[in-house]
Amino acid sequence: MKIKAVNGFKDILPDDALRWQMIEKTARDIFARFGMREIRTPVLEKTELFARSIGEATDIVEKEMYTFVDKGITMRPEATASILRAFIEHGLHVKQPVHRLYTIGPMFRHERPQKGRLRQFHQMDVEVIGATEPQVDAELMAMGQMLLDALGIKVSLEINSLGCPACRPAFRDKLIGYLDQHRESLCSDCRRRLETNPLRALDCKNRTCKALVQDAPSILDSLCSDCNDHFSAVKETLDLLGVSYRDNRFMVRGLDYYTRTTFEFITDALGAQAAVGAGGRYDGLLKQLNGPDLPGIGFALGMERLILLMEQQEDRTPPQQTTDLFVAALGEKAAVHASMLVHALRRLGLAAAMDYSGRSLKAQMKQAGRVNSRFTLIIGDNELAEEEGILRDMNSQEQSRFSLSPAVDEQAQQMAAILSA
Ligand code: ATP
Ligand code: MG
């Protein structure tokens, strides 16, 4: 039996890899404009880190984590906890007051695989630690929007505030009071979570729950004046920056650590997998992890969903890798010359290729097409004797002569000049 990849784990094949590279490059460029610096953390962490940050009564911790039970370690289901762990462990806060960090990499969650939902998926994750100003919240959303725009992806931005330890408990009680009156109609998940995580009912996918919460008390009516001012200032700044958004008082996010601003970039083009990216503020989390009492905010974009949307929203042909020059060599001596020229060109920074199998000119021209070469240089033993190869522009099919007489390094220089003209 052939061995296949594990269910929910996917290969990224060479035809698709260029698109991944392009997205990452675009992201790195834009992140750098916003002063973000890269941090890379391990994919394994102590299980306790996720239990204590994401929360015991969340879907992720309850049922989605890949945990080595005997070793007490877990494959990271998200990046925020790991980044904060590293931040605290290395005392980064001592060096400067505000840190702007990002990471790109695989995350692991044991969910039912479907379109846009995998067990190993990839996130681009951004965190700003040490700033509480609402302008930072707006700036992060504006950055996410800028990146999505640059990738040609259309989404809408939804925002909410989840309040803080001063005002959320009262809202929580109010909500429990309301939900308890309708206990019998709630789905089994929401009934079970009524005491542990009642806010989850607000974004429950169950139809009856959805209808029920329409009349539930709104968190936005329960915000304390600090949270209210903060949320208003976030919105004012979004307006100033020209970022459009919509209030969504039902958005609670699946992680316990959020406070105040939460947001999601939403699409209706991926069925149930509506969130392309999501995040929010987590002002008490560092302290909760025994770190300094610093505020923070972050968000993550799911790369697989970005790619699905790009495939839907623009042309389906992914970007292709190209070759500057393919050298078609006919005959042994020509092949020796070709291999030296190809190497000299590569040393000059060009993508050059040849075929070592001594196949026919026709077969080699086909190969030149497969590697998307812009130009092909044809060298037969005759051409070598006459010290002139034939250079073909693969687009226009125009041909010209190329001198093979001076030393190979000089030929390479001349060729490089032609190719960059
Ligand atoms: P969902 O509601 O779709 O399960 P989530 O709220 O669990 O998403 P987050 O934890 O906020 O997602 O992660 C941020 C982003 O990571 C999501 O918006 C999504 O694009 C992506 N993501 C999350 N889980 C998966 C997964 N299993 N497969 C692919 N992408 C995912
Ligand atoms: Mg999820």
Item to check | Positive-end extreme of charge dipole, region 185-236 - chosen from Ser225, Pro198, Ser188 (charges on Cβ) | outcome: Ser188
Checklist entry - Quick one: length gained pulling Leu18 to Ala272 fully straight, 0.36 nm per residue minus the C-alpha distance? => result 88.7 nm
Checklist entry - Rounded to the nearest 20 Debye, what is the dipole magnitude of region 323-414 about its Cα centre when Lys and Arg each give +1 and Asp and Glu each give -1 at the C-beta? => result 480 debye
Checklist entry - Working out 0.36 nm times the residue gap between Glu133 and Arg370, then minus their Cα-Cα distance, what length gain in nm do you get to one decimal? => result 80.0 nm
Checklist entry - Which residues in region 104-127 have a backbone N closer than 12 Å to a point placed 7 Å from the Cα of Glu311 along the Cα-to-Cβ line? => result 115-117
Next on the checklist: Two decimals, Cα atoms only, Kirkwood Rh: what is Rg/Rh over region 323-414?
Outcome noted: 0.92
Checklist outcome for this item: With R₀ set to 22 angstrom, the calculated FRET efficiency between the beta-carbons of Ile176 and Lys205, to the nearest 0.05, is 0.60
Checklist entry - Under a point spin-label approximation (7 Å from Cα along Cα-to-Cβ), what is the Arg359-Val98 distance to one decimal in nm? => result 5.7 nm
Checklist entry - Considering only the other residues whose Cβ falls under 14 Å of the Cβ of Lys366, what net charge follows from Lys and Arg at +1 and Asp and Glu at -1? => result +3
Checklist outcome for this item: About its Cα centre, region 1-67 carries a charge dipole, from +1 on Lys and Arg Cβ atoms and -1 on Asp and Glu Cβ atoms, whose size in debye to the nearest 20 is 260 debye
Item to check | Label-point separation in nm, Thr322 to Val408, each point 7 Å along Cα→Cβ | outcome: 2.6 nm
Checklist outcome for this item: Ratio for the chain, C-alpha Rg to 2.2 N^0.38 Å, reads 1.28
Checklist entry - To the nearest 20 debye, what is the magnitude of the charge dipole of the chain about its Cα centre, counting +1 on the Cβ of each Lys and Arg and -1 on the Cβ of each Asp and Glu? => result 1140 debye
Checklist entry - Pulled fully out, how much extra length does the chain show between Ala417 and Thr196, if you take 0.36 nm times their separation in residues and subtract their Cα-Cα distance? => result 72.7 nm
Checklist entry - Given the C-alpha centroids of region 324-338 and region 50-91, what is the distance between them in whole angstrom? => result 55 Å
Item to check | ³J(HN,Hα), Karplus 6.51/-1.76/1.60, whole Hz, each residue of region 21-27, x for Gly, Pro | outcome: 4, 5, 5, 4, 5, 4, 5
Checklist entry - Arg346 versus Asp29, label points 7 Å from Cα toward the beta carbon: distance in nm? => result 2.8 nm
Checklist entry - Any idea which of Gln397, Leu18, Gln96 is furthest toward the positive side of the dipole for the chain, if Lys and Arg beta-carbons carry +1 and Asp and Glu beta-carbons -1? => result Leu18
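Rule-based calculations on the coordinates, nothing more; no lab input. Computed from a predicted structure; not experimentally measured. Glycine also receives a Cβ, built like all others from the backbone with ideal geometry; neighbour counts cover every protein chain displayed.
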